[in-house]
Each structure stands twice: as C-alpha cells, then as structure tokens.
Amino acid sequence: MNDRKRVTIKDVANECGIALSTVSNALAGKQHVSEETRQLVKEAAERLGYRASAVARALRMQRSFTIGVLIADVANPAFPDFVRGVEDVAIREKCNLLLCNTDGDEEKQLWHMRALLDSQVDGMVLISQYTDTPRVRELLESGTPFVLVQRRSSRHEDDYVGSDNVGGITQAVEHLAGLGHRRIGFVRGPMGSTTAAERLDAYKAAIRRLKLDRDSDLIFNGDYNLPTGYDAGLKFLSMADRPTAIMASNDLNAMGVIEAAMELDIEVPGELSVVGLDDIQLASFRRIDLTTIHLQKRAMGAAAAEMLMKRIRNRRPSPAREQIFPTGLVVRGSTARAPQLGAGSKRKKETV
C-alpha cells in the first residue's frame, strides 16, 4: 500500500520560501506575479509532484470543469473523430468529458441529459440528437449551455456546428451524372433528422436540375447503419428497372449496399456505383475503396467545443452562433461509368 502523503500547495510554498497566496496566484496564472516567481513555483511544483485539487478549483471558480457529450451510436466509426475534436479543446481547457451513448433513442437521451444536468456539467455537446420534442426542449432550456452538432432544431435558434449538406450531396450527384448515371437511388437518414432532410432536399434539387430520373421508388427511408444499407440495396437491386448508382446515408450504410450487391451477384462498380458519406478510415481500405463525401469531423467537434467554452465563460444572452464546414467528394474505386442499358429497359417516371 502506498502511504505517500499528497503534496499540497503549502508544501510548494515552503519549498519556494514564499507566501501561500503568491504560490496560489502563480499557479492560477495571475498577471501580477513576476515571471521569475512563476517559474520558481512551476519548477518546485513539478519537483514535488504537486497536482492542483480539482475539487478546490471547482469550488473556487463555481464550475465543475466537466463537459457532457452525447452521441447517437457508439458503434458508428464516424463518431470518435467528433469526440476527439471536443476532447482536444477540453484538455486544453483542463476539462473532463462525460460521454453518453443514446442509440438514437429519445428516452435514453433524456435519461443521460438529466444525469448530466444533475452532475452540474458546465455544458453539453449534442451530436445527432433530438432537439425539438417538448421534454428535450425543456432540458435544453434549463440554463446549461449547449451546442448542437449535425442535427439542428427546425424551430429554435441554437448554437450549431454542421457540414455543408447541400454542397456535398450536389457534388456527389454531379459526379455520378458525369459518369452517365441517370437512375440514382438515395438512402435517407432518420426521419427526425434535419440533416437527413437537408440531404434529401439537395438530392431532389440536383436530380431535377440535371434532368435525371425522378422516381419516388428511388428513395429509401432508413437510418445511419449497415442493416439499413443492406435492406435498401436489396430493395433497389430487385427492381425491374434498378438504379445504376446508389447514394448511401453514410459509409456504414454504403457497405450494407455493397453487401447486398455481392449477395445478388451484382458487381461494384462495374454494374453498380456506390457513394458513401463521412469518409471514415475504413472507407479508404483497398478492399472497400469507397467513394464518399468527406466530413471534417474532428474539426467540427473542436469548433463545437470552442463555441461551448465561449458560452460557459460568458453567460450573458447573445444571438445563436452557427458554423458550417465545407465538404469534399473523395473519388475512389466504388464509382465508375454507368453500364449500358439493355434495349428493352423501361423507365418509370414520377415526380419526386
């Protein structure tokens, strides 16, 4: 058993031979302490192994130095980069993170939010969470600062960090159209997601502008996961006039589409082009080689944390802030020129 006594600020003061208050001011970074004294205190603290008491600091500054982060799916490989971005800022600000997985379930989100608020976190970053339901809104408006990431409110003005959904989807549709694809399937994200709605609208607008096939059967309402991609792939690829390209809701979803194509003995990209979204690390592996829309996930997480820290430092009411990050299409091996259609192929045209 280690009986070593914890080093206190008084031990540092005795080591330096200066007043306790001077050591406290030096460690707190107060400006009226000379650089020579500050360095003396720093060296003594390191030599003795002194660590500031988080509890004492929290009591002194009336803060918990803890940030709550809610993510929708801990198994989704896109989320760790968002969290790393938040963590980059949190470490610099000497804050801890409390990470909560909600599985896209409102009840779990409410439970975690209440737990975070009961723990008196300084603020919350909500990544792809519910924002507008009455019970969620009540907690959001309880006074604790928060920032939304990748799912904004459709009715309220909140601090928000997101990606350029219109630009990313438009670029992907233009890429496929440039390869000769006219029937492009689209897998939508969750019905309650404003981000998913923005992407669907961008897809429809691009399809209309480029005069591609406007068929309501080419839209599959799903989620951001692999099973949805697989189900969408089976549905699209079993159509009499199947699409020659499919845009998935994210990279996991795209891998589900590719799995369905393999099961049906349809070659990617020779007979079917597939585009993902997120640009997770797996997407660049040669066996997957997925064309995808790149999101600046870590930078977005960091931007959300920076926005949150500004709210924590200054509680005076001010207009909601928004930061939108540009996207970029990363072309890899899952897209190619559209296959030649058979002479008997029929096209079903409906307004979408």
Could you tell me how many of the residues in the stretch 265-284 are under 26 Å from residue 196 (Cβ atoms) and not aliphatic (A, V, I, L, M)? 7
Residue list for the stretch 22-38, restricted to those being surrounded by 12 or more Cβ atoms within 10 Å (Cβ to Cβ) and assigned to a helix (DSSP H, G or I): 22, 23, 24, 25, 26, 27, 37, 38
What is the one condition in (1) in contact (Cβ under 8 Å) with a residue 40 or more places away in the chain; (2) surrounded by fewer than 18 Cβ atoms within 10 Å (Cβ to Cβ); (3) over 21 Å from residue 250 (Cα atoms) that residue 156 does not satisfy? (1)
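Considering only the stretch 153-165, I want to know if a residue exists there that is in a helix (DSSP H, G or I) and either of a type outside the set (Lys, Arg) or within 21 Å of residue 335 (Cβ to Cβ) (or both). Break it down into steps so the answer makes sense when it comes.
Step one: list which residues in the stretch 153-165 are in a helix (DSSP H, G or I), which gives 165.
From the residues that got through so far, the ones that are either of a type outside the set (Lys, Arg) or within 21 Å of residue 335 (Cβ to Cβ) (or both) too are 165.
Yes, because at least one residue in the stretch 153-165 is in a helix (DSSP H, G or I) and either of a type outside the set (Lys, Arg) or within 21 Å of residue 335 (Cβ to Cβ) (or both).
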Among residues belonging to the stretch 101-122 that are among the hydrophobic types (A, V, I, L, M, F, W, C) and assigned to a helix (DSSP H, G or I), point out the one that is surrounded by the most Cβ atoms within 10 Å (Cβ to Cβ). 113
Among (1) surrounded by fewer than 19 Cβ atoms within 10 Å (Cβ to Cβ); (2) on the phi < 0 side of the Ramachandran plot, where does residue 211 come up short? (2)
How many residues, within the stretch 176-204, are buried (at least 18 other Cβ atoms within 10 Å of the Cβ) and either more than 18 Å from the chain's Cα centre (by Cα) or assigned by TED's automatic domain parsing to the domain that holds residue 127 (or both)? 11
If I filter the stretch 249-278 down to residues being in a helix (DSSP H, G or I) and β-branched (Val, Ile, Thr), which single residue comes out as surrounded by the fewest Cβ atoms within 10 Å (Cβ to Cβ)? 258
Among the residues of the stretch 134-143, write down those that are modelled with pLDDT under 95 and within 21 Å of the chain's Cα centre (by Cα). none
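Identify, please: which residue in the stretch 279-292 is of a type in the set (D, E, K, R) and surrounded by fewer than 16 Cβ atoms within 10 Å (Cβ to Cβ) and is, among those, nearest to residue 323 (Cα to Cα)?
Step one: list which residues in the stretch 279-292 are of a type in the set (D, E, K, R), which gives 279, 286-287, 289.
Add one more test, that the residue is surrounded by fewer than 16 Cβ atoms within 10 Å (Cβ to Cβ), and what stays is 286-287, 289.
Details: 286: 33, 287: 35, 289: 30 Å.
Checked the stretch 279-292; the qualifying residue nearest to residue 323 (Cα to Cα) is 289.
Output the residues belonging to the stretch 279-292 that are outside any loop (DSSP other than H, G, I, E, B) and not small (Gly, Ala, Ser).
Of the stretch 279-292, the ones outside any loop (DSSP other than H, G, I, E, B) are 281-284, 291-292.
Of everything in the stretch 279-292, those that are outside any loop (DSSP other than H, G, I, E, B) and not small (Gly, Ala, Ser) turn out to be 281, 282, 291, 292.
If I ask for residues that are β-branched (Val, Ile, Thr) and in contact with a Leu (Cβ under 8 Å, 6 or more places away or on another chain), which ones from the stretch 1-51 would you list?
Taking the stretch 1-51 first, the residues β-branched (Val, Ile, Thr) are 7-9, 12, 18, 22-23, 33, 37, 41.
If the condition is that a residue be β-branched (Val, Ile, Thr) and in contact with a Leu (Cβ under 8 Å, 6 or more places away or on another chain), then 7, 9, 12, 18, 41 are the ones that fit.
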Residue 78 vs (1) surrounded by 13 or more Cβ atoms within 10 Å (Cβ to Cβ); (2) farther than 19 Å from residue 160 by Cα: all pass except (2)
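Being of a type in the set (Val, Ile, Thr), in the same structural domain as residue 100 (by TED's automatic domain parsing) and more than 21 Å from residue 312 (Cβ to Cβ) narrows it down to one residue among 228, 133; which is it?
On the way: 228 fails: in the same structural domain as residue 100 (by TED's automatic domain parsing).
From the options 228, 133, the qualifying one is 133.
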From the option list 218, 200, 212, single residue qualifying as at pLDDT 95 or above and either aromatic (Phe, Trp, Tyr) or farther than 27 Å from residue 150 by Cα (or both) is 212
Of (1) loosely packed, with under 14 Cβ neighbours inside 10 Å; (2) modelled with pLDDT of 95 or more, residue 295 satisfies all except one. Which? (1)
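The values are calculated or read from the model by the stated rules, or taken from the named source; none is laboratory data. None of the values given here were measured: they were computed from a predicted structure. Positions of Cβ are backbone-derived with ideal geometry, glycine not excepted, and every protein chain shown enters the neighbour counts.
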